1. When only Cα pairs under 8 Å and 6 or more residues apart are kept, what is the percent relative contact order across the chain?
2. Evaluate E = 1/(1 + (r/R0)^6) for Ala360 and Glu198, where r is the Cβ-Cβ distance and R0 equals 35 Å; express this FRET efficiency to the nearest 0.05.
3. Which trypsin sites (Lys or Arg not before Pro) in the range 131-197 pass both tests, a DSSP loop state and at most 12 other beta-carbon atoms within 10 Å?
4. For the range 324-426, give the magnitude of the charge dipole about the Cα centre (Cβ charges: +1 Lys/Arg, -1 Asp/Glu; no others), in debye to the nearest 20.
5. Rounded to the nearest 20 debye, what is the charge dipole size of the range 243-402 about its Cα centre when +1 sits on each Lys and Arg Cβ and -1 on each Asp and Glu Cβ?
6. What's the lysine pair count for the chain at a Cα cut-off below 29 Å, pairs eight or more apart or interchain?
7. Can you tell which of His101, Gly77, Ala63 lies farthest toward the positive end of the dipole of the range 50-115, using +1 and -1 charges on the Cβ of basic and acidic side chains (Lys, Arg; Asp, Glu)?
8. Hey, with R₀ at 35 Å, roughly what FRET efficiency would Glu328 and Met305 work out to, going by the Cβ-Cβ distance, to 0.05?
Amino acid sequence: MTPSAPSPVWHPYAHLKTQRPAPKVVGGEGPYFTLESGETLLDATCSWWCMIHGYRHPRLVRAIQQQADRLCHVMLGGLTHEPADRLARELVRITPAGLDHVFFSDSGSVGMEVAMKMAVQYHRLRGRPEKHRMLSLMKAYHGDTAGCMAVCDPEEGMHSLFAGYLPRHHFAPAPAAPFHADDEAVAQDLAALRAVLERHHGEIAALLMEPLLQAAGGLNMTSPRYLQGARELCDEFDVLLVFDEVATGFGRTGRMFAADHADVTPDIMVLSKGLTGGYLGHAATLATGRVHDAFIGDSPGHAFMHGPTFMGNPLACAVALESLAVFEEEAYLERIAGLNRVLEQELVRDAALAAHPAVADVRALGATAVIETRDATDLAGVADWAREQGVWLRPIGRWLYTMPAYVTTEAELRRVTAVMKGWFLR
Ligand SMILES: *Cc1c(COP(=O)(O)O)cnc(C)c1O
């Protein structure tokens, strides 16, 4: 094939008729990546929120090289290795107390599939096979595989085309009370959740949620009190609580995990995106002793029948360990607090931006900020416009957001916020 023929690469979420040739990335350094054309772009999204250390971090690159020299891969079926064992111990150490068991897989979607299967089998093993449906929230996004699509927002989500193909689950309204809401506002959200549980708890295995930040479904930022109330409701109705921290994990909301804001331990927690600093695809589904111990028994049905080929891949585990070491040694939570101050000052407290007719809301949480517009057409052309100024933005629907790498300096983040608000205040 000649180099000028169209590439056979099929791009995600792309309209084939209107898509333009994708710019080719040839390298990256810190929060920047470089294109074949020579352009250098400041990545305001850190590649779907996973490149938390930025590109070509010397310690992460070295960790992969050193591990590659020893052992690139071996199956976890009936075998183990040091990087998997060490990473599991580290994840148990840093996650909320009680999450003591770690099941590895290779992506966030699969990590969520594992969580849902675990919840269904848990109830079956306890003699409650009728508890086999999920309770999810409107505005949720949990991944693109079939099981995950079925628990994404069924209306606004991107998967309504597949409605006939997917199993049916229950949905509660998305929580509306914001991060700093008073108890009364949160009580309304919890009452809506309780109503669904009262009606359907007999068939519900687990309540799934992206704690504090419903990310891909519109960056909905909610209250820690909602997590505490959800924990109490799950205990009352014998429903497992599953936190999908694929996006929120590793500092994105300002604490190591969103659960930490509420001091809540879910029964199952899923980690992916930031887990390896984005350097390799991997995921972890953590479970408490209560969940894990239900699988101890004599029948063939007690084995957990799941095992992705690449689970616990040594390269992924080694780079995840190094990612975590850098995170802690370089006090990333302090950096994130600094980034949050910039986002609050430059976006949330900008009166002119808030007053703009196209702007419905501006909010920030940790190293995340979003300008919510009234209509997706308000953002038509924003990505090209940002690129002309050296910034890579990729809005979702009517949400113009940033989730920068934590190595982004405050001055660099001001470049991002200037472009974000500049789109409206030109
Ligand atoms: C990205 C994401 C997923 C899916 O992860 P993949 O690695 O893309 O499969 C699941 N849940 C949340 C909250 C996510 O942001």
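1. Values: 813 pairs, mean separation 90.5, N = 426.
Relative contact order here is 21 percent.
2. Working: r = 33 Å, r/R0 = 0.94.
The pair Ala360/Glu198 has a calculated efficiency of 0.60.
3. Passing both the DSSP loop test and the Cβ count: Arg168.
4. 340
5. Using Cβ point charges on Lys, Arg, Asp and Glu, the range 243-402 gives about 280 debye.
6. 10
7. The listed residue farthest towards the positive side: Ala63.
8. Approximately 0.50, to the nearest 0.05.
The values are calculated or read from the model by the stated rules, or taken from the named source; none is laboratory data. Since we're looking at a predicted model, the values are computed, not measured. So basically every Cβ, Gly included, is an ideal-geometry build from the backbone, and we count neighbours across all protein chains shown. We work out accessible area using only protein heavy atoms, side chains counted, and drop any ligands, DNA or RNA first. Shrake-Rupley method; radii C 1.70, N 1.55, O 1.52, S 1.80 Å.
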